[in-house]
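Enquirer: Just dropping this structure here.
The values are calculated or read from the model by the stated rules, or taken from the named source; none is laboratory data. Keep in mind it's a predicted model, so treat the numbers as computed, not measured. FYI the Cβ positions are ideal-geometry reconstructions off the backbone, even for glycines, and counts take in every protein chain you see.
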Amino acid sequence: MRVFLHDLLWQQDAAGFQKRIDTFLSIADKHRIKILFVLFDSCWDPNPQLGKQREPRPGIHNSGWVQSPGAAALQDPAQVPRLEAYVKGVVGAFAKDPRILGWDIWNEPGGTNQDSYDREKPSNKVDLVGALLPRVFAWARAAGATQPLTSGLWAGDWSSAKTLGTLQKIQVEQSDALSFHNYSNPEDFEKHVRELQKFHRPILCTEYMARPQGSTFQGILPIAKKDHVAAINWGLVAGKTQTSLPWDSWKKPYSDRQPAQRFHEIFRTDGQPYSQEEVAFIRQIITSK
């Protein structure tokens, strides 16, 4: 399971946050679930605040999600020591914990949130993240992490080391295991797996499964299993994130209707499978040799 953390929670109450992480890991361990923690994230609302969070906007995909660090912290050099303390504090506290699968250093670094918060991002966001990203990898290693570090590729041309963009080059060079996101059809998924295999490292797909995009369990998992690629889909149960709704809900909210096909999530809000066929397929493929 991939779980997002936030720097402001460490700033607010480091000891309490560490204790809650430990409690969560104990619960996950009882169910034999290892955790891939995400330290930073460039997606969605760039203005995070502590305290009670606002309610999601009705009918809009992920309309309550906040970035870490926020735009203000990302642009303020004086915030760097605080961010360093957060990374070293969290990673250092659990650096040898076998319940943790790895550390996802930064989710979709430099993401512009074009259809949601594009106007609120710093104009030089990619440059700011590019300067900080290698430092975050270094902080995690300095904290003694024994688990592998990664940061998921999600944009650009990965066909060779020469075609990688600035952020992608950092991700590939600094990651112990290569992770990536793919919400496209099986052919595109396999193409990106082939591109990453050239770097000769373990491969994890840390985001996939968007039914209307052609990214389905039945299409993706057989390829992942054949090529020994770990696969973590986005979403388990439909809820406050509203990620069962498609990305285009930012342009036209689904406040008075449901999409023809659910975007993410395996289970409905009441805990029933969205598709019994999907659930049966997942059980079959993960238990067969």
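Enquirer: Do you know which of the residues in segment 102-150 that are among the polar types (S, T, N, Q) and surrounded by fewer than 13 Cβ atoms within 10 Å (Cβ to Cβ) is modelled with the lowest pLDDT? Can you show your working first?
Expert: Taking segment 102-150 and keeping what is among the polar types (S, T, N, Q), we get 107, 112-114, 116, 123-124, 146-147, 150.
If we keep only those that are surrounded by fewer than 13 Cβ atoms within 10 Å (Cβ to Cβ) as well, we get 114, 123-124, 146.
Details: Gln114: 74, Ser123: 87, Asn124: 92, Thr146: 98.
Residue satisfying both the conditions and the ranking: Gln114.
Enquirer: Considering only residues that are crowded, with 19+ Cβ neighbours inside 10 Å and of a type in the set (A, V, I, L, M, F, W, C), look in segment 72-92 and name the one that is nearest to Gln49 (Cα to Cα).
Expert: Checked segment 72-92; the qualifying residue nearest to Gln49 (Cα to Cα) is Ala73.
Enquirer: While we're here: Looking at this structure, is Ser244 surrounded by fewer than 14 Cβ atoms within 10 Å (Cβ to Cβ), assigned to a loop (DSSP other than H, G, I, E, B) and polar (S, T, N, Q)? Give the derivation first.
Expert: On the way: surrounded by fewer than 14 Cβ atoms within 10 Å (Cβ to Cβ): no; assigned to a loop (DSSP other than H, G, I, E, B): yes; polar (S, T, N, Q): yes.
No: the conditions fail for Ser244.
Enquirer: Among the residues of segment 66-89, count how many are under 18 Å from Ser151 (Cβ atoms) and touching a strand residue (DSSP E or B) at 6+ places or on another chain (Cβ under 7 Å).
Expert: Number satisfying all stated conditions: 4.
Enquirer: Condition check: surrounded by 19 or more Cβ atoms within 10 Å (Cβ to Cβ) and of a type in the set (A, V, I, L, M). Does Ile232 satisfy that? Outline the logic, then answer.
Expert: Values: surrounded by 19 or more Cβ atoms within 10 Å (Cβ to Cβ): no; of a type in the set (A, V, I, L, M): yes.
Spelling it out, it is not the case that Ile232 is surrounded by 19 or more Cβ atoms within 10 Å (Cβ to Cβ) and of a type in the set (A, V, I, L, M).
Enquirer: Mind checking whether some residue in segment 214-229 is part of a loop (DSSP other than H, G, I, E, B) and closer than 18 Å to Arg262 by Cα?
Expert: Here is the first cut: in segment 214-229, the residues part of a loop (DSSP other than H, G, I, E, B) are 214, 216, 227-229.
Restricting the remaining residues to those that are closer than 18 Å to Arg262 by Cα gives 214, 216.
Yes, that holds for at least one residue.
Enquirer: May I pose another question? What are the residues in segment 36-95 that are in contact with a Pro (Cβ under 8 Å, 6 or more places away or on another chain) and of a type in the set (Gly, Ala, Ser), if any?
Expert: Within segment 36-95, Ser42, Gly59, Ser63, Gly64, Ser68, Gly70, Ala71 meet the criteria.
Enquirer: Out of all the residues in segment 131-145, is one or more outside any helix (DSSP H, G or I), farther than 21 Å from Gln12 by Cα, touching a strand residue (DSSP E or B) at 6+ places or on another chain (Cβ under 8 Å) and touching a residue at least 12 places away in the same chain (Cβ under 8 Å)?
Expert: The initial filter retains those residues of segment 131-145 that are outside any helix (DSSP H, G or I), namely 143-145.
Checking which are farther than 21 Å from Gln12 by Cα leaves us with 144-145.
Still in the list and also touching a strand residue (DSSP E or B) at 6+ places or on another chain (Cβ under 8 Å): 145.
In the following step, the residues that additionally are touching a residue at least 12 places away in the same chain (Cβ under 8 Å) were identified as 145.
Within segment 131-145 (the criterion being outside any helix (DSSP H, G or I), farther than 21 Å from Gln12 by Cα, touching a strand residue (DSSP E or B) at 6+ places or on another chain (Cβ under 8 Å) and touching a residue at least 12 places away in the same chain (Cβ under 8 Å)), the answer is yes, since at least one residue qualifies.
Enquirer: With the structure loaded, tell me whether Arg201 is in a loop (DSSP other than H, G, I, E, B) and out of contact with any helix residue (DSSP H, G or I) (no Cβ under 6 Å at 6 or more places or on another chain) or whether it fails that test.
Expert: It is true that Arg201 is in a loop (DSSP other than H, G, I, E, B) and out of contact with any helix residue (DSSP H, G or I) (no Cβ under 6 Å at 6 or more places or on another chain).
Enquirer: Still on this model: If the Cβ limit is 9 Å and pairs must be 6+ apart or interchain, which residue in segment 11-34 that is over 21 Å from Glu84 (Cβ atoms) pairs with which residue that is assigned to a helix (DSSP H, G or I)?
Expert: Arg20/Leu9; Asp22/Ala93; Ile33/Ile27; Lys34/Ala28
Enquirer: Which numbered condition in (1) outside any loop (DSSP other than H, G, I, E, B); (2) of a type in the set (A, V, I, L, M, F, W, C); (3) modelled with pLDDT under 95 is the only one that Ala280 fails?
Expert: (3)
Enquirer: Which residues, taken from segment 177-198, are among the charged types (D, E, K, R) and either outside any helix (DSSP H, G or I) or more than 18 Å from Leu167 (Cα to Cα) (or both)? Spell out the reasoning first.
Expert: Residues of segment 177-198 among the charged types (D, E, K, R): 187-188, 190-191, 194-195, 198.
Within segment 177-198, Glu187, Asp188, Glu190, Lys191, Arg194, Lys198 qualify.
Enquirer: Of all residues in segment 151-175, count the ones that are assigned to a loop (DSSP other than H, G, I, E, B), surrounded by 23 or more Cβ atoms within 10 Å (Cβ to Cβ) and polar (S, T, N, Q).
Expert: Qualifying residue count, segment 151-175: 2.
Enquirer: Identify all residues within segment 1-35 that are in a helix (DSSP H, G or I), surrounded by fewer than 18 Cβ atoms within 10 Å (Cβ to Cβ) and in contact with a strand residue (DSSP E or B) (Cβ under 6 Å, 6 or more places away or on another chain); write none if there are none.
Expert: Within segment 1-35, Ala28 is the sole residue that qualifies.
Here's the yes/no breakdown for (1) touching a residue at least 60 places away in the same chain (Cβ under 8 Å); (2) within 21 Å of Cys205 (Cα to Cα); (3) among the aliphatic types (A, V, I, L, M):
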{"position": "Phe217", "(1), (2), (3)": "yes, yes, no"}
{"position": "Ile232", "(1), (2), (3)": "yes, yes, yes"}
{"position": "Gln242", "(1), (2), (3)": "yes, no, no"}
{"position": "Trp250", "(1), (2), (3)": "yes, no, no"}
{"position": "Gln258", "(1), (2), (3)": "no, no, no"}
{"position": "Tyr274", "(1), (2), (3)": "no, no, no"}
{"position": "Ile282", "(1), (2), (3)": "yes, yes, yes"}
{"position": "Thr287", "(1), (2), (3)": "no, yes, no"}
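Enquirer: Hey, another quick one. Looking only at segment 247-265, count every residue that is surrounded by fewer than 20 Cβ atoms within 10 Å (Cβ to Cβ) and either basic (Lys, Arg) or part of a loop (DSSP other than H, G, I, E, B) (or both) and tell me the total. Steps first, please.
Expert: Kept after step one, since they are surrounded by fewer than 20 Cβ atoms within 10 Å (Cβ to Cβ), are these residues of segment 247-265: 247-248, 250-261.
In the following step, the residues that additionally are either basic (Lys, Arg) or part of a loop (DSSP other than H, G, I, E, B) (or both) were identified as 251-261.
So the count comes out to 11.
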